[in-house]
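The next block holds one structure in the form of structure tokens; read it before the comments.
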Amino acid sequence: MGAVTVATNMAGRGVDIKLGGNPEDMAVQHQINENKLDDPMYLDSKINELELQVAEEKNKVLELGGLYVLGTERHDSRRIDNQLRGRSGRQGDPGESRFYISLQDDLMRRFQGERIESIMNKLNLPDEERIEQSMVTKSIERAQAQVESLNFEIRKNVLKFDQVLNQQREVIYKWRRQLLRSDSIENLISEWFDDVVSTISNNIELHKKNYENLEHFNQLISDELSNLLSDGVKKEFVRNIEINDQLQIDHELENLFNNNESQDSDTFWKLARGSSLSFVDQSWKDHLAEMDYLRSGIGLRAMGQRDPLVEYQNEGYTLFEDLIENVKFSVIRILMNFDKSFIIQNQENKDNVKTTQIIKDKIGRNDPCYCGSGIKYKKCGMVDKCIKKS
């Protein structure tokens, strides 16, 4: 009786308001206030006591007409207003709701607020005069319908853009699941290797007609393999290649990959799994940043009579293809240059590193500073620079 509950468009719209109060919640609050948490019988007895009080309070509220909902502004969405109204009709309880709005509210200023204001000016109505008319109510409802329609179109458009990135995300997450959960990743890495070799072979096949002798052809191969093999491995590899022998290039690359794997299979595949995860994660984070940058300015394409969504799809696909190729080349490059002896040497160097722990008592605030100035530590060592050093 006499209670006031304040609700906003963020909280309170769905609160369950019981006329007269809730005896269970009130009993728990009494138990906490009176420090009776250890008494198991207190809660039941208090609920029985409060039920009579709640029933009496409810009857008084019903006599006054029930819950009264007072709205100080109409929301852009009718759903929000209806949820607030619904607090006054809980399970058949009587009640009333009334909204008071101003012509200066955002909703009214955006939609036909000036028209209603001009009518009030013609009638010479004071600013404090209350207007209650069906025309105003219908005008508000039309404004809300327009806002809801606009918001729906915005959400639908956002979903179309998000769908582009979602399709790319599914590919990346499928890779990550395979790398994290699969006992063997040989099939995935083999697919990447085949794709890398195919890309190199296609590039060589596309440009080899411009090279007429072995020296120039070897330079072409060296250029194409620069992102895949280290200089030492690449020089030995090119020396064994004959001109115009495309199958030999593929075969030699496969032999090099298999030879590296045979050095130490366990270490080789552990390196493959770890490097793959690292490159996939970092490349995906960089790709998300690029897609956000692309998204921020893609709307300007409409000024050139081009569909921003189509442009976003095309350029996003190109960026994603670059991501896929970079990940594959980066991982295969590490595996093609695998050297067991180098890894063992690095591990031995790590094992030989000695760490020294310096045990020193913590200096007190009033102890002499460690710099030797004779001044207390709180006045010397705790400032930016020791006095003696300065």
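Read the figures in this text as sums done on the coordinates, not as results from a lab. In this text the structure is predicted, and so the values were computed from the model without any measurement.
Evaluated over the Cα positions of region 121-185, the convex hull gives a direction-averaged projected area, one quarter of its surface, of 8.6 nm².
Projecting the alpha carbon convex hull of region 46-138 along each direction and taking the average yields 8.5 nm². Residues whose amide H comes within less than 5 Å of that of residue 71, counting only those at least five positions distant or on another chain, are 98, 99, 100 (H built at 1.01 Å from N in the peptide plane).
Just check region 246-337 against the gyration tensor rule for me: Cα atoms, a ≥ b ≥ c as the square roots of the eigenvalues, rounded for a/c under 1.5, and otherwise prolate or oblate depending on whether a/b exceeds b/c. Because a/c hits 1.5 or more and a/b fails to exceed b/c, region 246-337 counts as oblate.
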